[in-house]
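Worksheet for the structure shown next.
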Amino acid sequence: MAPRVDSVTSTPNLPQAADVVIVGGGIVGVTAALHLAEKGISVALVEKGIVAGEQSGRNWGWCREQLRTVPELPLAMRSLALWRGFAERIGEDAGFRQTGMMVVTKDQSEIETWRQWLENTKSFGLAGGLLNAAEVKAKIPLTSENWIGAIWSPTDGWGEPAISAPAIARAAQRKGAAIIQNCAVRGWETSGGQISHVVTERGTIRTSRVIVAAGTWSQLLLRNQGIRDFIQSGVYATAFRTEAGPEVFAGGVGSPYFSYRHRTDGGYTIGLCGRGRVEITPMGILQARHFLPLFFSRRGDLMLRVGKSFFDGPFAIHRWRLDRPSPFERHRRYDPPPNSEIAAAGIKAFHAAYPSMQGAGIAESWGGMIDSTPDAVPVISPVAGHPGCILASGFSGHGFAIGPAAGEMAAEMAMDDKATVDPTPFRLGRFRDGTQHGIHRWI
(Lines give C-alpha, C1' and ligand atoms only; values in the text may rest on other atoms or scores of the structure.)
Protein backbone atom coordinates (compact mmCIF):
# COMPACT_ATOMS: atom_id res chain seq x y z
CA MET A 1 0.00 0.00 0.00
CA ALA A 2 1.22 3.49 -0.83
CA PRO A 3 2.49 5.52 2.13
CA ARG A 4 0.28 8.34 3.36
CA VAL A 5 1.19 11.87 2.29
CA ASP A 6 -0.23 15.20 3.43
CA SER A 7 -3.14 16.42 1.37
CA VAL A 8 -3.32 19.32 -1.04
CA THR A 9 -6.69 20.79 -2.01
CA SER A 10 -6.95 21.06 -5.78
CA THR A 11 -7.68 24.34 -7.50
CA PRO A 12 -11.39 24.01 -8.36
CA ASN A 13 -11.31 24.78 -12.07
CA LEU A 14 -8.90 24.01 -14.87
CA PRO A 15 -7.47 27.36 -16.00
CA GLN A 16 -8.10 28.33 -19.61
CA ALA A 17 -4.55 29.61 -20.02
CA ALA A 18 -1.21 29.73 -18.20
CA ASP A 19 2.24 31.02 -19.06
CA VAL A 20 3.70 27.65 -18.04
CA VAL A 21 2.10 24.23 -17.54
CA ILE A 22 3.95 21.72 -15.36
CA VAL A 23 3.28 18.01 -15.82
CA GLY A 24 3.82 16.17 -12.53
CA GLY A 25 3.29 16.96 -8.87
CA GLY A 26 6.50 15.61 -7.38
CA ILE A 27 9.18 17.62 -5.60
CA VAL A 28 10.60 18.97 -8.90
CA GLY A 29 7.23 20.05 -10.23
CA VAL A 30 6.03 21.77 -7.07
CA THR A 31 9.27 23.69 -6.55
CA ALA A 32 9.16 24.83 -10.18
CA ALA A 33 5.58 25.99 -9.60
CA LEU A 34 6.60 27.88 -6.46
CA HIS A 35 9.51 29.60 -8.19
CA LEU A 36 7.34 30.68 -11.13
CA ALA A 37 4.46 31.87 -8.95
CA GLU A 38 6.84 33.94 -6.82
CA LYS A 39 8.00 35.66 -10.01
CA GLY A 40 4.43 36.54 -10.97
CA ILE A 41 4.32 33.99 -13.80
CA SER A 42 0.95 32.28 -14.23
CA VAL A 43 1.49 28.55 -13.79
CA ALA A 44 -0.70 25.46 -13.77
CA LEU A 45 0.63 22.22 -12.29
CA VAL A 46 -1.32 19.20 -13.51
CA GLU A 47 -0.94 15.83 -11.75
CA LYS A 48 -2.58 12.58 -12.86
CA GLY A 49 -2.95 11.46 -9.23
CA ILE A 50 -2.05 13.40 -6.09
CA VAL A 51 0.90 15.59 -5.16
CA ALA A 52 3.78 13.36 -3.93
CA GLY A 53 1.76 10.28 -4.79
CA GLU A 54 4.64 8.42 -6.35
CA GLN A 55 8.40 8.56 -5.76
CA SER A 56 8.43 11.98 -4.09
CA GLY A 57 6.37 10.46 -1.29
CA ARG A 58 8.18 7.08 -1.15
CA ASN A 59 11.90 7.86 -1.06
CA TRP A 60 14.31 7.54 1.86
CA GLY A 61 14.31 11.29 2.52
CA TRP A 62 18.08 11.84 2.42
CA CYS A 63 19.14 15.40 1.49
CA ARG A 64 22.89 15.43 1.03
CA GLU A 65 25.86 17.01 -0.67
CA GLN A 66 28.41 14.39 0.32
CA LEU A 67 29.47 11.76 -2.23
CA ARG A 68 27.72 13.43 -5.13
CA THR A 69 29.32 13.05 -8.52
CA VAL A 70 31.20 16.25 -9.38
CA PRO A 71 28.87 17.31 -12.26
CA GLU A 72 25.87 17.08 -9.91
CA LEU A 73 27.48 18.63 -6.83
CA PRO A 74 26.70 22.32 -7.56
CA LEU A 75 23.03 21.41 -8.01
CA ALA A 76 23.08 19.45 -4.74
CA MET A 77 24.65 22.38 -2.90
CA ARG A 78 22.06 24.80 -4.25
CA SER A 79 19.31 22.38 -3.32
CA LEU A 80 20.51 22.04 0.27
CA ALA A 81 20.52 25.83 0.55
CA LEU A 82 16.89 25.84 -0.62
CA TRP A 83 15.94 23.03 1.77
CA ARG A 84 17.38 24.96 4.71
CA GLY A 85 15.37 28.06 3.82
CA PHE A 86 12.05 26.47 2.91
CA ALA A 87 10.28 26.79 6.26
CA GLU A 88 10.81 30.56 6.34
CA ARG A 89 10.13 30.91 2.63
CA ILE A 90 6.79 29.08 2.59
CA GLY A 91 5.60 29.89 6.11
CA GLU A 92 5.15 26.29 7.25
CA ASP A 93 7.17 23.19 8.04
CA ALA A 94 8.65 21.72 4.86
CA GLY A 95 9.80 18.61 6.70
CA PHE A 96 13.54 19.32 6.49
CA ARG A 97 15.90 18.71 9.42
CA GLN A 98 19.62 19.53 9.30
CA THR A 99 20.93 16.65 11.40
CA GLY A 100 24.17 15.62 9.79
CA MET A 101 24.51 12.46 7.69
CA MET A 102 27.28 9.90 7.31
CA VAL A 103 28.31 6.77 5.46
CA VAL A 104 30.23 4.09 7.36
CA THR A 105 32.54 1.31 6.25
CA LYS A 106 34.77 -1.61 7.27
CA ASP A 107 36.73 -1.41 4.02
CA GLN A 108 39.96 0.58 3.97
CA SER A 109 39.84 0.88 0.18
CA GLU A 110 36.50 2.65 0.46
CA ILE A 111 38.04 5.16 2.83
CA GLU A 112 40.72 5.82 0.23
CA THR A 113 37.99 6.37 -2.38
CA TRP A 114 36.34 8.89 -0.06
CA ARG A 115 39.67 10.58 0.52
CA GLN A 116 40.05 11.01 -3.23
CA TRP A 117 36.49 12.36 -3.52
CA LEU A 118 37.26 14.91 -0.80
CA GLU A 119 40.39 15.96 -2.67
CA ASN A 120 38.47 16.26 -5.96
CA THR A 121 35.78 18.42 -4.33
CA LYS A 122 38.02 20.53 -2.08
CA SER A 123 37.36 23.66 -4.12
CA PHE A 124 33.65 23.50 -3.23
CA GLY A 125 34.36 24.21 0.45
CA LEU A 126 32.12 21.47 1.85
CA ALA A 127 31.87 20.94 5.59
CA GLY A 128 32.76 17.66 7.26
CA GLY A 129 35.23 14.99 6.25
CA LEU A 130 36.49 11.61 7.39
CA LEU A 131 35.91 10.13 10.84
CA ASN A 132 38.01 7.43 12.46
CA ALA A 133 36.63 4.41 14.30
CA ALA A 134 36.49 6.15 17.67
CA GLU A 135 34.71 9.18 16.22
CA VAL A 136 32.14 6.98 14.49
CA LYS A 137 31.48 5.12 17.74
CA ALA A 138 31.02 8.41 19.56
CA LYS A 139 28.31 9.47 17.11
CA ILE A 140 26.45 6.12 17.04
CA PRO A 141 27.36 4.52 20.41
CA LEU A 142 24.38 2.15 20.37
CA THR A 143 25.57 0.21 17.34
CA SER A 144 27.01 -3.29 17.68
CA GLU A 145 29.04 -2.85 14.49
CA ASN A 146 32.76 -2.08 14.53
CA TRP A 147 33.09 0.46 11.75
CA ILE A 148 36.64 1.55 10.92
CA GLY A 149 35.65 4.92 9.53
CA ALA A 150 33.03 7.16 7.96
CA ILE A 151 32.55 10.17 5.74
CA TRP A 152 30.51 12.77 7.58
CA SER A 153 28.68 15.97 6.65
CA PRO A 154 27.26 18.06 9.50
CA THR A 155 25.29 20.27 7.08
CA ASP A 156 23.37 17.47 5.36
CA GLY A 157 20.02 16.29 6.66
CA TRP A 158 16.73 14.71 5.75
CA GLY A 159 13.26 15.69 4.67
CA GLU A 160 9.99 13.95 5.45
CA PRO A 161 8.53 12.97 2.06
CA ALA A 162 4.97 12.86 3.40
CA ILE A 163 5.27 16.54 4.33
CA SER A 164 7.65 18.25 1.91
CA ALA A 165 6.14 18.33 -1.59
CA PRO A 166 2.57 18.92 -0.32
CA ALA A 167 3.74 21.85 1.83
CA ILE A 168 5.59 23.41 -1.11
CA ALA A 169 2.56 22.86 -3.37
CA ARG A 170 0.28 24.65 -0.91
CA ALA A 171 2.74 27.54 -0.77
CA ALA A 172 2.76 27.73 -4.58
CA GLN A 173 -1.05 27.90 -4.49
CA ARG A 174 -0.96 30.75 -2.02
CA LYS A 175 1.32 32.58 -4.46
CA GLY A 176 -1.18 32.08 -7.28
CA ALA A 177 -0.29 28.73 -8.89
CA ALA A 178 -3.11 26.42 -9.96
CA ILE A 179 -2.63 22.85 -8.67
CA ILE A 180 -4.87 20.39 -10.52
CA GLN A 181 -4.87 16.82 -9.16
CA ASN A 182 -6.47 13.63 -10.51
CA CYS A 183 -6.19 15.07 -13.99
CA ALA A 184 -3.94 13.43 -16.58
CA VAL A 185 -2.08 15.41 -19.20
CA ARG A 186 -2.46 13.48 -22.46
CA GLY A 187 -0.10 15.63 -24.47
CA TRP A 188 -0.01 18.97 -26.26
CA GLU A 189 -0.87 20.55 -29.56
CA THR A 190 1.33 22.88 -31.59
CA SER A 191 0.81 25.77 -33.96
CA GLY A 192 3.59 26.84 -36.29
CA GLY A 193 5.98 24.51 -34.50
CA GLN A 194 5.30 26.11 -31.11
CA ILE A 195 3.30 24.60 -28.25
CA SER A 196 -0.18 26.13 -28.23
CA HIS A 197 -2.35 23.98 -25.94
CA VAL A 198 -1.82 21.31 -23.31
CA VAL A 199 -4.51 18.66 -23.56
CA THR A 200 -5.77 17.12 -20.32
CA GLU A 201 -8.59 14.70 -19.65
CA ARG A 202 -10.68 17.66 -18.46
CA GLY A 203 -9.96 20.02 -21.32
CA THR A 204 -7.19 22.18 -22.72
CA ILE A 205 -4.95 24.89 -21.27
CA ARG A 206 -3.60 27.51 -23.64
CA THR A 207 0.16 27.87 -23.13
CA SER A 208 3.48 28.11 -24.93
CA ARG A 209 5.69 26.46 -22.28
CA VAL A 210 5.54 22.97 -20.76
CA ILE A 211 7.80 21.53 -18.06
CA VAL A 212 7.70 17.73 -18.12
CA ALA A 213 8.51 16.61 -14.57
CA ALA A 214 6.55 13.38 -14.68
CA GLY A 215 9.15 11.08 -13.16
CA THR A 216 9.07 7.56 -14.48
CA TRP A 217 6.22 8.50 -16.87
CA SER A 218 8.14 11.23 -18.69
CA GLN A 219 9.52 9.12 -21.51
CA LEU A 220 6.10 7.63 -22.30
CA LEU A 221 4.53 11.08 -22.58
CA LEU A 222 7.37 12.40 -24.74
CA ARG A 223 7.37 9.44 -27.11
CA ASN A 224 3.68 9.88 -27.81
CA GLN A 225 4.56 13.45 -28.83
CA GLY A 226 7.20 12.13 -31.23
CA ILE A 227 10.14 12.98 -28.93
CA ARG A 228 12.48 9.99 -28.73
CA ASP A 229 15.72 11.52 -27.45
CA PHE A 230 15.11 10.83 -23.76
CA ILE A 231 16.56 7.51 -22.56
CA GLN A 232 15.03 6.29 -19.32
CA SER A 233 14.63 3.04 -17.41
CA GLY A 234 13.35 2.10 -13.97
CA VAL A 235 14.06 -0.10 -10.97
CA TYR A 236 11.41 -1.41 -8.61
CA ALA A 237 12.52 -0.74 -5.05
CA THR A 238 11.31 -1.45 -1.51
CA ALA A 239 11.59 0.66 1.63
CA PHE A 240 9.98 0.53 5.04
CA ARG A 241 9.62 2.40 8.28
CA THR A 242 9.94 1.06 11.79
CA GLU A 243 7.81 1.66 14.81
CA ALA A 244 9.05 4.36 17.19
CA GLY A 245 12.04 3.40 19.28
CA PRO A 246 15.12 4.79 21.02
CA GLU A 247 17.07 7.45 19.14
CA VAL A 248 20.17 5.72 17.79
CA PHE A 249 21.11 8.71 15.63
CA ALA A 250 19.26 11.92 14.81
CA GLY A 251 20.39 11.92 11.19
CA GLY A 252 21.03 9.22 8.63
CA VAL A 253 23.62 6.48 8.31
CA GLY A 254 24.51 4.68 5.10
CA SER A 255 26.25 1.32 5.33
CA PRO A 256 27.25 -1.28 2.73
CA TYR A 257 24.05 -3.29 3.27
CA PHE A 258 21.33 -0.88 4.43
CA SER A 259 20.77 2.80 5.10
CA TYR A 260 18.48 4.48 7.58
CA ARG A 261 17.43 7.90 8.74
CA HIS A 262 15.44 9.14 11.70
CA ARG A 263 11.82 10.25 11.21
CA THR A 264 9.59 12.89 12.75
CA ASP A 265 7.36 10.11 14.17
CA GLY A 266 10.24 8.57 16.14
CA GLY A 267 10.78 5.62 13.83
CA TYR A 268 13.35 5.08 11.08
CA THR A 269 13.05 4.82 7.32
CA ILE A 270 15.22 1.96 6.04
CA GLY A 271 16.23 0.79 2.60
CA LEU A 272 18.66 -1.84 1.38
CA CYS A 273 21.38 -0.19 -0.65
CA GLY A 274 21.08 -0.84 -4.36
CA ARG A 275 18.62 -3.70 -4.00
CA GLY A 276 15.76 -3.82 -6.47
CA ARG A 277 14.08 -5.51 -9.40
CA VAL A 278 14.39 -4.71 -13.09
CA GLU A 279 11.52 -5.97 -15.23
CA ILE A 280 11.99 -6.74 -18.90
CA THR A 281 9.82 -4.37 -20.93
CA PRO A 282 9.57 -3.39 -24.61
CA MET A 283 11.29 -0.05 -23.98
CA GLY A 284 13.89 -1.80 -21.85
CA ILE A 285 14.74 -4.09 -24.76
CA LEU A 286 14.92 -1.19 -27.22
CA GLN A 287 17.25 0.75 -24.93
CA ALA A 288 19.24 -2.13 -23.44
CA ARG A 289 22.56 -1.13 -25.01
CA HIS A 290 22.44 2.24 -23.29
CA PHE A 291 21.94 0.73 -19.84
CA LEU A 292 24.28 -2.28 -19.99
CA PRO A 293 27.23 -0.51 -18.27
CA LEU A 294 24.98 0.70 -15.44
CA PHE A 295 23.30 -2.70 -15.09
CA PHE A 296 26.58 -4.61 -14.96
CA SER A 297 27.99 -2.21 -12.38
CA ARG A 298 25.09 -3.14 -10.08
CA ARG A 299 24.14 -6.62 -11.27
CA GLY A 300 24.83 -8.19 -7.88
CA ASP A 301 22.07 -6.09 -6.32
CA LEU A 302 19.42 -6.28 -9.04
CA MET A 303 16.96 -9.05 -9.89
CA LEU A 304 15.86 -9.38 -13.51
CA ARG A 305 12.27 -10.49 -14.07
CA VAL A 306 9.39 -10.50 -16.55
CA GLY A 307 6.18 -9.05 -15.11
CA LYS A 308 2.92 -7.28 -15.90
CA SER A 309 4.82 -4.11 -16.74
CA PHE A 310 5.77 -5.69 -20.09
CA PHE A 311 2.22 -5.03 -21.27
CA ASP A 312 1.08 -2.06 -19.18
CA GLY A 313 3.20 0.48 -17.37
CA PRO A 314 5.62 3.33 -17.94
CA PHE A 315 7.96 1.27 -20.15
CA ALA A 316 5.43 -0.65 -22.20
CA ILE A 317 4.59 0.43 -25.75
CA HIS A 318 1.53 2.67 -25.78
CA ARG A 319 0.05 5.00 -28.35
CA TRP A 320 -3.05 7.13 -27.87
CA ARG A 321 -4.90 10.02 -29.41
CA LEU A 322 -5.27 13.18 -27.38
CA ASP A 323 -9.06 12.93 -27.48
CA ARG A 324 -8.96 9.42 -25.97
CA PRO A 325 -7.97 8.14 -22.50
CA SER A 326 -4.24 7.68 -22.00
CA PRO A 327 -2.30 5.17 -19.86
CA PHE A 328 -1.98 7.89 -17.23
CA GLU A 329 -5.68 7.67 -16.41
CA ARG A 330 -5.23 3.95 -15.67
CA HIS A 331 -2.37 4.62 -13.27
CA ARG A 332 -3.38 7.50 -11.04
CA ARG A 333 -0.87 6.41 -8.43
CA TYR A 334 1.56 3.74 -9.56
CA ASP A 335 1.81 1.48 -6.54
CA PRO A 336 4.02 -1.59 -7.02
CA PRO A 337 3.99 -3.96 -4.04
CA PRO A 338 6.98 -4.06 -1.69
CA ASN A 339 9.30 -7.05 -1.68
CA SER A 340 8.66 -8.76 1.66
CA GLU A 341 12.01 -10.59 1.54
CA ILE A 342 13.92 -7.31 1.19
CA ALA A 343 11.96 -5.76 4.08
CA ALA A 344 12.50 -8.81 6.30
CA ALA A 345 16.23 -8.83 5.57
CA GLY A 346 16.41 -5.10 6.25
CA ILE A 347 14.75 -5.18 9.66
CA LYS A 348 16.85 -8.19 10.67
CA ALA A 349 20.05 -6.35 9.76
CA PHE A 350 18.86 -3.18 11.53
CA HIS A 351 18.06 -5.08 14.73
CA ALA A 352 21.47 -6.81 14.62
CA ALA A 353 23.28 -3.49 14.17
CA TYR A 354 21.17 -1.68 16.81
CA PRO A 355 20.07 -4.13 19.53
CA SER A 356 18.20 -1.37 21.38
CA MET A 357 15.74 -1.32 18.45
CA GLN A 358 14.77 -5.00 18.82
CA GLY A 359 11.31 -4.06 20.05
CA ALA A 360 10.55 -1.83 17.08
CA GLY A 361 9.20 -3.85 14.18
CA ILE A 362 8.14 -2.86 10.69
CA ALA A 363 5.26 -0.40 10.89
CA GLU A 364 4.79 -0.06 7.13
CA SER A 365 6.56 -1.10 3.93
CA TRP A 366 6.03 0.13 0.40
CA GLY A 367 7.23 -0.29 -3.16
CA GLY A 368 8.14 2.28 -5.73
CA MET A 369 9.85 2.74 -9.07
CA ILE A 370 13.08 4.71 -9.31
CA ASP A 371 13.62 6.08 -12.80
CA SER A 372 17.14 6.33 -14.14
CA THR A 373 19.22 7.63 -17.01
CA PRO A 374 22.16 5.61 -18.38
CA ASP A 375 24.70 7.68 -16.42
CA ALA A 376 22.49 8.15 -13.32
CA VAL A 377 22.52 11.95 -13.71
CA PRO A 378 19.21 13.70 -14.41
CA VAL A 379 18.14 15.57 -17.51
CA ILE A 380 17.11 19.19 -16.93
CA SER A 381 17.05 20.63 -20.38
CA PRO A 382 15.11 22.22 -23.21
CA VAL A 383 14.14 19.60 -25.80
CA ALA A 384 15.87 20.44 -29.08
CA GLY A 385 13.51 20.86 -31.98
CA HIS A 386 10.49 21.32 -29.72
CA PRO A 387 10.36 24.98 -28.66
CA GLY A 388 8.79 25.55 -25.28
CA CYS A 389 9.30 21.99 -23.99
CA ILE A 390 11.50 21.65 -20.89
CA LEU A 391 12.35 18.21 -19.49
CA ALA A 392 13.26 17.60 -15.84
CA SER A 393 13.40 13.88 -15.21
CA GLY A 394 15.66 10.83 -14.84
CA PHE A 395 16.76 11.67 -11.31
CA SER A 396 18.07 8.16 -10.65
CA GLY A 397 17.20 8.05 -6.95
CA HIS A 398 18.46 11.56 -6.20
CA GLY A 399 15.34 13.53 -7.08
CA PHE A 400 14.05 14.29 -3.61
CA ALA A 401 17.37 15.72 -2.45
CA ILE A 402 18.16 17.80 -5.52
CA GLY A 403 14.55 18.40 -6.54
CA PRO A 404 14.30 21.96 -5.23
CA ALA A 405 17.25 23.20 -7.29
CA ALA A 406 16.13 21.10 -10.27
CA GLY A 407 12.69 22.68 -10.13
CA GLU A 408 14.25 26.11 -9.88
CA MET A 409 16.45 25.38 -12.91
CA ALA A 410 13.51 24.10 -14.97
CA ALA A 411 11.53 27.24 -14.07
CA GLU A 412 14.46 29.46 -15.09
CA MET A 413 14.63 27.65 -18.43
CA ALA A 414 10.90 28.13 -18.97
CA MET A 415 11.32 31.87 -18.37
CA ASP A 416 14.54 32.11 -20.45
CA ASP A 417 16.28 33.42 -17.33
CA LYS A 418 19.95 33.02 -16.50
CA ALA A 419 20.42 29.77 -14.59
CA THR A 420 21.51 29.93 -10.93
CA VAL A 421 23.47 26.69 -11.47
CA ASP A 422 25.26 25.79 -14.71
CA PRO A 423 22.81 23.55 -16.63
CA THR A 424 25.44 22.09 -18.99
CA PRO A 425 25.89 18.76 -17.13
CA PHE A 426 22.16 18.04 -17.44
CA ARG A 427 21.82 18.48 -21.21
CA LEU A 428 19.49 16.02 -22.93
CA GLY A 429 21.81 15.88 -25.93
CA ARG A 430 24.66 14.24 -24.01
CA PHE A 431 23.28 10.76 -24.72
CA ARG A 432 23.48 11.40 -28.46
CA ASP A 433 26.78 13.25 -28.76
CA GLY A 434 28.91 10.98 -26.56
CA THR A 435 29.33 13.41 -23.64
CA GLN A 436 27.39 11.48 -21.00
CA HIS A 437 28.97 11.15 -17.56
CA GLY A 438 30.89 8.24 -16.13
CA ILE A 439 28.97 5.96 -13.78
CA HIS A 440 29.29 6.96 -10.15
CA ARG A 441 28.60 4.48 -7.35
CA TRP A 442 25.82 6.06 -5.33
CA ILE A 443 25.03 5.35 -1.71
Requested in this report: Return the total of residues in region 236-256 being under 30 Å from Gly149 (Cα atoms) and either free of Cβ contacts under 8 Å to residues at least 24 places away in the same chain or assigned to a strand (DSSP E or B) (or both).
Outcome: 10
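For region 317-336, which positions are within 12 Å of Leu221 (Cα to Cα) and in a loop (DSSP other than H, G, I, E, B)?
Going through region 317-336, the residues within 12 Å of Leu221 (Cα to Cα) turn out to be 317-322, 326-328.
Within region 317-336, Ile317, His318, Arg319, Trp320, Arg321, Leu322, Ser326 qualify.
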Query raised in the report: Going through region 63-84 one residue at a time, which ones are in contact with a helix residue (DSSP H, G or I) (Cβ under 9 Å, 6 or more places away or on another chain), in a helix (DSSP H, G or I), of a type outside the set (A, V, I, L, M, F, W, C) and more than 14 Å from Gly403 (Cβ to Cβ)?
Result: Pro71, Pro74
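For Ile111, indicate whether it is outside any loop (DSSP other than H, G, I, E, B), open to solvent by less than 70 Å² (accessible area, probe 1.4 Å) and in contact with a helix residue (DSSP H, G or I) (Cβ under 8 Å, 6 or more places away or on another chain). Talk me through it step by step, then tell me what you get.
Values: outside any loop (DSSP other than H, G, I, E, B): yes; open to solvent by less than 70 Å² (accessible area, probe 1.4 Å): yes; in contact with a helix residue (DSSP H, G or I) (Cβ under 8 Å, 6 or more places away or on another chain): no.
Answer is no for this residue.
Among what's in region 143-182 and is under 19 Å from the mean Cα position of the chain (by Cα) and in a loop (DSSP other than H, G, I, E, B), pick the residue that is nearest to Arg4 (Cα to Cα). Can you show your working first?
First pass over region 143-182, keeping only residues under 19 Å from the mean Cα position of the chain (by Cα): 156-169.
The next check asks that each one be in a loop (DSSP other than H, G, I, E, B); those that pass are 156, 159-160.
Values: Asp156: 25, Gly159: 15, Glu160: 11 Å.
If we take residues in region 143-182 being under 19 Å from the mean Cα position of the chain (by Cα) and in a loop (DSSP other than H, G, I, E, B), then Glu160 is nearest to Arg4 (Cα to Cα).
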**Report entry** region 139-161, subset touching a Ser or Thr at 6+ places or on another chain (Cβ under 9 Å) and open to solvent by less than 30 Å² (accessible area, probe 1.4 Å), residue farthest from Glu92 (Cα to Cα)
**Finding:** Gly149
Report summary line: Arg275 passes all but one of the listed conditions (1) in contact with a strand residue (DSSP E or B) (Cβ under 7 Å, 6 or more places away or on another chain); (2) open to solvent by 40 Å² or more (accessible area, probe 1.4 Å); (3) under 30 Å from Met101 (Cβ atoms); the exception is number (1)
Query raised in the report: Take the residues of region 50-78 that are of a type in the set (Val, Ile, Thr) and surrounded by fewer than 24 Cβ atoms within 10 Å (Cβ to Cβ): which is modelled with the highest pLDDT?
Result: Ile50
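If you scan region 210-221, which residues turn out to be of a type outside the set (S, T, N, Q) and over 11 Å from Val23 (Cα atoms)?
Of the residues in region 210-221, the ones of a type outside the set (S, T, N, Q) are 210-215, 217, 220-221.
Answer for region 210-221, where residues must be of a type outside the set (S, T, N, Q) and over 11 Å from Val23 (Cα atoms): just Leu220.
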Report summary line: For region 387-443 the number of residues that are at pLDDT below 95, in contact with a Gly (Cβ under 9 Å, 6 or more places away or on another chain) and among the hydrophobic types (A, V, I, L, M, F, W, C) is 2
Requested in this report: Looking at (1) free of Cβ contacts under 8 Å to residues at least 12 places away in the same chain; (2) more than 26 Å from Thr11 (Cβ to Cβ), find the lone condition where Gln219 falls short.
Outcome: (1)
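Would you tally the residues in region 183-202 being of a type in the set (A, V, I, L, M), out of contact with any Leu (no Cβ under 8 Å at 6 or more places or on another chain) and assigned to a strand (DSSP E or B)? Reasoning before the result, please.
Step one: of region 183-202, the residues of a type in the set (A, V, I, L, M) are 184-185, 195, 198-199.
With the extra rule that they be out of contact with any Leu (no Cβ under 8 Å at 6 or more places or on another chain), the set shrinks to 184, 195, 198.
Applying the additional criterion that residues be assigned to a strand (DSSP E or B) yields 195, 198.
Residues that pass the stated criteria total 2.
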Report summary line: Residue hits (region 19-39; of a type in the set (Gly, Ala, Ser) and either free of Cβ contacts under 8 Å to residues at least 12 places away in the same chain or crowded, with 24+ Cβ neighbours inside 10 Å (or both)) are Gly24, Gly25, Gly26, Gly29, Ala32, Ala33
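So, of the residues in region 278-305 that are open to solvent by less than 50 Å² (accessible area, probe 1.4 Å) and in a strand (DSSP E or B), which turns out to be modelled with the lowest pLDDT?
Looking only at region 278-305, we keep the residues that are open to solvent by less than 50 Å² (accessible area, probe 1.4 Å), and these are 278-279, 281-284, 287-288, 290-291, 294, 301-302.
Keeping just the survivors that are in a strand (DSSP E or B) gives 278-279, 302.
Numbers: Val278: 85, Glu279: 82, Leu302: 74.
Ranking the qualifying residues of region 278-305, first place goes to Leu302.
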**Report entry** Any hit, region 49-57, residues being part of a loop (DSSP other than H, G, I, E, B), among the charged types (D, E, K, R) and closer than 20 Å to Val212 by Cβ
**Finding:** yes
Report summary line: Among Ile342, Ile380, the single one that is assigned to a helix (DSSP H, G or I), surrounded by 20 or more Cβ atoms within 10 Å (Cβ to Cβ) and touching a residue at least 24 places away in the same chain (Cβ under 8 Å) is Ile342
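Scan region 250-260 and give yes if some residue there is small (Gly, Ala, Ser) and more than 30 Å from Met357 (Cα to Cα), otherwise no.
Filtering region 250-260 down to residues small (Gly, Ala, Ser) leaves 250-252, 254-255, 259.
Going one step further and asking which of them are more than 30 Å from Met357 (Cα to Cα), we end up with none.
Within region 250-260, not a single residue is small (Gly, Ala, Ser) and more than 30 Å from Met357 (Cα to Cα).
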Report summary line: Flagged pairs (Cβ under 8 angstrom, 6 or more apart or on separate chains; first in region 120-138, open to solvent by 80 Å² or more (accessible area, probe 1.4 Å); second at pLDDT below 95) are Asn120/Val70
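Just to be sure before I move on: is Glu88 open to solvent by 10 Å² or more (accessible area, probe 1.4 Å), in a loop (DSSP other than H, G, I, E, B), under 28 Å from Asp265 (Cα atoms) and modelled with pLDDT of 95 or more in the structure I sent?
Details: open to solvent by 10 Å² or more (accessible area, probe 1.4 Å): yes; in a loop (DSSP other than H, G, I, E, B): no; under 28 Å from Asp265 (Cα atoms): yes; modelled with pLDDT of 95 or more: yes.
Answer is no for this residue.
The values are calculated or read from the model by the stated rules, or taken from the named source; none is laboratory data. Predicted model only: the values in this text are computed from it and were never measured. No Cβ is skipped: glycine too gets one built from the backbone with ideal geometry, and neighbour counts run over all protein chains shown. We work out accessible area using only protein heavy atoms, side chains counted, and drop any ligands, DNA or RNA first. Shrake-Rupley method; radii C 1.70, N 1.55, O 1.52, S 1.80 Å.
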